[in-house]
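K.L.:
For reference, the structure I am asking about is given below.
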Amino acid sequence: MKNYFFLPAFFLFALAGSAQNNNTIEVPLAQYAKDDRFDKYQLTLALFKVKGDTILSMDFEGTRPVQIIRIKKTGKHKEFAYGNLFFSGSKNNYNPGYVSVLVGDPYQRNPTLYIDHNQNFDFSDDSSYRLPYFDEKPLEVELMNAQNKDGRIKILLSRTRPYGQKYEFRKYMDEYYAMTYKDRISIANEFCYREQRYIAREGMVMLGKERFKIALLDANANGLYNDAAIDKVLFVNPTDSILDATNPLHYVTFAKDGQNTYFEKNDKLYKIILADPAGKFIHIQESKEEVNFNRIAIGKKVPKVKLSPVKGNSFKISKFKRKEVYLYFGNKSSKNFVSDTMLLRQIAQLNPDKLKVICVLYVGKSYELRIFNSEALPNYNLVFGTKELSNKLGVNSLPQYLYLGKHRRVKQYGLNPNEFLRAYHTLKK
């Protein structure tokens, strides 16, 4: 079982709802949420025919010896199939990290699913579920961590689409199972089920006028949400419907045991005080501590990064080496995006011969940048935002701002457009 982050036991205190206490905020994480892989990945629950009263253990494509497992079947079914759901919170001697399932009458319209929650391979003492047909609502099931019953993930199972829809993929999967699992007979992919996994829990941070979503992501799918150096804290804008767990601008990984975990959001630094192992809540605190976040030191040069504008050829930032540069990093859902980009127009007019403004815009599709360009008609440089670019320039959240002097030397991070506009004539001295 995991330990809480990062407070001594004598200092734990109860917080009501989303109330603030001693500047510490409790955020309930009351619901599961989709991460970016939920709809993208095509994970299939592979099913194999049951022979008599035995099934075979996972051999991981020949890397582990196969074991014959005796099971106890249940229900009045003509035939059975079996499979395994990946869940690293599972403990058993045959398939560690997996939960075995049994499907009664797998070729029927609505087969019966049995999940071996207690890992004893006796399916007569487990709950049964009705599996959906093609056009029916997916089945939702939860898997519980063996040591912490409150620690769970949710899996959606939906019938894979009939032939004619993603035919090549289905054909490939049938061939793959036939080649990889030669010691067992697979059920045709047409009668298998797609897995979609809820491994994140989210809530809304509400601190004064501040609003953003925060979530815990169970990166190793064990039902626990605060594994050091593995699990993640995600933070996105209130209107974002998907949690991006692949973009470092939107997450931090829990620090190693004994170290504090911090993240930046909307020009503020937050410290993780407590993260519930079961992912039901998180305590955060605004912090004034100095945290580097891999930023480039004041006075040091930034790398000669390549910038890709909305129109024309790519160029290196060293193109402006004899000028000062103000960079704005954001996306259309960033806090104050509309007012910030209006202020960028004013900043671009302050001293066009000596100060260049670059708006680094992060978009899902390239055409979104072109649309913004045609609507806003910016008088500043508009370029594509990428993970590589933000990483090289020490940018860890959106929105973010970077002021460079001549020869690409860092002057200051964190000056928003309004602050920069008001202070420019003082800063440039």
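K.L.:
Scanning for something open to solvent by 30 Å² or more (accessible area, probe 1.4 Å), at pLDDT 95 or above and under 23 Å from the mean Cα position of the chain (by Cα), does the range 265-275 turn up at least one residue?
P.N.:
Step one: filter the range 265-275 for residues open to solvent by 30 Å² or more (accessible area, probe 1.4 Å), giving 267-268, 271.
Imposing the further condition that a residue be at pLDDT 95 or above reduces the set to 271.
Imposing the further condition that a residue be under 23 Å from the mean Cα position of the chain (by Cα) reduces the set to 271.
Yes - at least one qualifying residue is present in the range 265-275.
K.L.:
Would you check which residues across the range 276-296 are part of a loop (DSSP other than H, G, I, E, B) and modelled with pLDDT of 95 or more and list them?
P.N.:
Correct list: D276, P277, A278, G279, K280, I296.
K.L.:
Name the residue that is farthest from F38 (Cα to Cα), counting only residues in the range 232-261 that are charged (D, E, K, R) and in contact (Cβ under 8 Å) with a residue 24 or more places away in the chain.
P.N.:
Per the criteria, the residue is D257.
K.L.:
Only one of (1) modelled with pLDDT under 95; (2) surrounded by fewer than 19 Cβ atoms within 10 Å (Cβ to Cβ); (3) within 21 Å of L157 (Cα to Cα) is not met by K49, so which one is it?
P.N.:
(1)
K.L.:
Report whether or not V360 is touching a Gly at 6+ places or on another chain (Cβ under 6 Å), closer than 21 Å to P417 by Cα and assigned to a strand (DSSP E or B).
P.N.:
Against the criterion (touching a Gly at 6+ places or on another chain (Cβ under 6 Å), closer than 21 Å to P417 by Cα and assigned to a strand (DSSP E or B)), V360 qualifies.
K.L.:
Can you find even one residue in the range 217-232 that is over 19 Å from R152 (Cα atoms), surrounded by fewer than 22 Cβ atoms within 10 Å (Cβ to Cβ) and either of a type in the set (D, E, K, R) or modelled with pLDDT under 95 (or both)?
P.N.:
Taking every residue of the range 217-232 in turn, none turns out to be over 19 Å from R152 (Cα atoms), surrounded by fewer than 22 Cβ atoms within 10 Å (Cβ to Cβ) and either of a type in the set (D, E, K, R) or modelled with pLDDT under 95 (or both).
K.L.:
Just one of (1) within 29 Å of the chain's Cα centre (by Cα); (2) not in a strand (DSSP E or B) trips up N93, so point out which.
P.N.:
Here N93 meets the rest and fails (1).
K.L.:
While we're here: I need a count of the residues in the range 125-153 that are open to solvent by less than 40 Å² (accessible area, probe 1.4 Å) and in contact (Cβ under 8 Å) with a residue 60 or more places away in the chain.
P.N.:
The qualifying residues number 6.
K.L.:
With (1) under 13 Å from K392 (Cβ atoms); (2) open to solvent by less than 20 Å² (accessible area, probe 1.4 Å) as the list, and K304 as the residue in question, which single condition is left unmet?
P.N.:
(2) is the only condition that K304 fails.
K.L.:
If you don't mind, there's one more thing I want to ask. Just checking, how many residues over the range 380-396 are polar (S, T, N, Q), open to solvent by 20 Å² or more (accessible area, probe 1.4 Å) and touching a strand residue (DSSP E or B) at 6+ places or on another chain (Cβ under 8 Å)? Before you say what the answer is, go through the steps one by one.
P.N.:
Narrowing the range 380-396 to residues polar (S, T, N, Q): 381, 386, 390-391, 396.
Narrowing the set further to residues that are open to solvent by 20 Å² or more (accessible area, probe 1.4 Å) leaves 381, 386, 391, 396.
Filter once more, keeping what is touching a strand residue (DSSP E or B) at 6+ places or on another chain (Cβ under 8 Å): 381, 396.
Residues flagged as polar (S, T, N, Q), open to solvent by 20 Å² or more (accessible area, probe 1.4 Å) and touching a strand residue (DSSP E or B) at 6+ places or on another chain (Cβ under 8 Å) within the range 380-396 amount to 2.
K.L.:
While we're on this one: Output the residues belonging to the range 344-361 that are more than 11 Å from Y380 (Cα to Cα) and open to solvent by 30 Å² or more (accessible area, probe 1.4 Å).
P.N.:
Passing the criteria: L350, N351, D353, K354.
K.L.:
OK, next. Which count do you get for residues in the range 243-264 that are surrounded by 16 or more Cβ atoms within 10 Å (Cβ to Cβ) and out of contact with any helix residue (DSSP H, G or I) (no Cβ under 7 Å at 6 or more places or on another chain)?
P.N.:
Final tally of qualifying residues: 11.
K.L.:
Going through the range 168-202 one residue at a time, which ones are open to solvent by less than 40 Å² (accessible area, probe 1.4 Å) and among the β-branched types (V, I, T)?
P.N.:
Across the range 168-202, the qualifying residues are T180, I187, I199.
K.L.:
Exactly one condition in (1) modelled with pLDDT of 95 or more; (2) closer than 25 Å to I298 by Cβ is not met by Q346; state its number.
P.N.:
Failing condition for Q346: (2).
K.L.:
Is it true that some residue in the range 108-116 is farther than 17 Å from E190 by Cα, of a type outside the set (A, V, I, L, M) and either without any contact (Cβ under 8 Å) to a residue 60 or more places away in the chain or touching a helix residue (DSSP H, G or I) at 6+ places or on another chain (Cβ under 9 Å) (or both)?
P.N.:
Start the filter on the range 108-116 by keeping residues that are farther than 17 Å from E190 by Cα, which leaves 114-116.
With of a type outside the set (A, V, I, L, M) added as a condition, the list becomes 114, 116.
Now narrow it down to the ones that are either without any contact (Cβ under 8 Å) to a residue 60 or more places away in the chain or touching a helix residue (DSSP H, G or I) at 6+ places or on another chain (Cβ under 9 Å) (or both): 114, 116.
Yes, there is a match, as at least one residue in the range 108-116 is farther than 17 Å from E190 by Cα, of a type outside the set (A, V, I, L, M) and either without any contact (Cβ under 8 Å) to a residue 60 or more places away in the chain or touching a helix residue (DSSP H, G or I) at 6+ places or on another chain (Cβ under 9 Å) (or both).
The values are calculated or read from the model by the stated rules, or taken from the named source; none is laboratory data. Values in this document were obtained by computation on a predicted structure and should not be read as measured data. Please note: Cβ atoms are built from the backbone with ideal geometry, for glycine as well, and neighbour counts cover all protein chains shown. When the accessible area is computed, the model is the full protein with side chains, heavy atoms only, and any ligands, DNA or RNA have been set aside. Shrake-Rupley method; radii C 1.70, N 1.55, O 1.52, S 1.80 Å.
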